[in-house]
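Below: one structure, written as structure tokens.
FYI, it's all coordinate maths here, none of it is from the lab. For clarity, every value in this text was computed on a predicted model and none was experimentally measured. Note that we place each Cβ from the backbone using ideal geometry, even for glycine, and neighbour counts take in every protein chain shown.
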Amino acid sequence: MAYPVQRHRWIRGGRAAMVLLGANLLIGCVATSWDRVAPPVEVLAAGGMADVPGQRAALERGRMVYLVDCSSCHVPEPILAHSREDWKHILPEMIEETTLTAAEEADLRLYVESVLQLGVAD
Ligand code: HEC
């Protein structure tokens, strides 16, 4: 009667492995898609966009404004899905839709501008 017990254990182990794999895929997927929408500040830092003291913190705040405040009406679109020219009118129009403070607006503009300057795809 040893065989069924072993087989049972194998199935349980297999299930646990599948759950872990599923969780990893899910986390990987979520991280990748947000990074595509709004590249992480480390990417900008690597491109020299966060060298000025305080700039890095401002970029982090700007990214959060983009991902949080700019997603109250719609899913935020990848910044690089629009050209710099397009953003010149999209950003002021969309900022009007929000209730950002002047400081938040400045952080957001800095972040979006930095992403566009670097032109990183993901
Ligand atoms: C009050 C709701 C609302 C908020 C807040 C909002 N948007 Fe929008 N957004 C819209 C609507 C509605 C559209 C589609 C119609 C349009 O283009 O005006 C849109 C369209 C867009 C588009 C596509 C424009 C195009 O020409 O294809 C982008 C990009 C965008 N929003 C970015 C932003 C950003 C960045 C913010 C934060 C500053 C933001 N949105 C905040 C309502 C909102």
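Quick notes
- The set of residues in the stretch 44-72 that are surrounded by fewer than 12 Cβ atoms within 10 Å (Cβ to Cβ) and within 16 Å of the ligand (Cβ to nearest atom) comprises 68, 72.
- With respect to the stated conditions, residue 113 fails to be more than 19 Å from residue 43 (Cα to Cα) and part of a helix (DSSP H, G or I).
- In the stretch 72-93, the residues that are farther than 14 Å from residue 109 by Cα form Cβ pairs under 8 Å with partners that are assigned to a helix (DSSP H, G or I) and near the ligand (Cβ under 8 Å from one of its atoms), at six or more places apart or across chains, as follows: 73/97; 76/66; 76/70; 82/90.
Let's see how each residue does on (1) surrounded by 11 or more Cβ atoms within 10 Å (Cβ to Cβ); (2) near the ligand (Cβ under 8 Å from one of its atoms); (3) within 22 Å of residue 57 (Cβ to Cβ); (4) among the acidic types (Asp, Glu):
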{"residue": "78", "(1), (2), (3), (4)": "yes, no, no, no"}
{"residue": "85", "(1), (2), (3), (4)": "no, no, no, yes"}
{"residue": "94", "(1), (2), (3), (4)": "yes, yes, no, no"}
{"residue": "97", "(1), (2), (3), (4)": "yes, yes, no, yes"}
{"residue": "107", "(1), (2), (3), (4)": "yes, no, yes, yes"}
{"residue": "112", "(1), (2), (3), (4)": "yes, yes, yes, no"}
{"residue": "115", "(1), (2), (3), (4)": "yes, no, yes, no"}
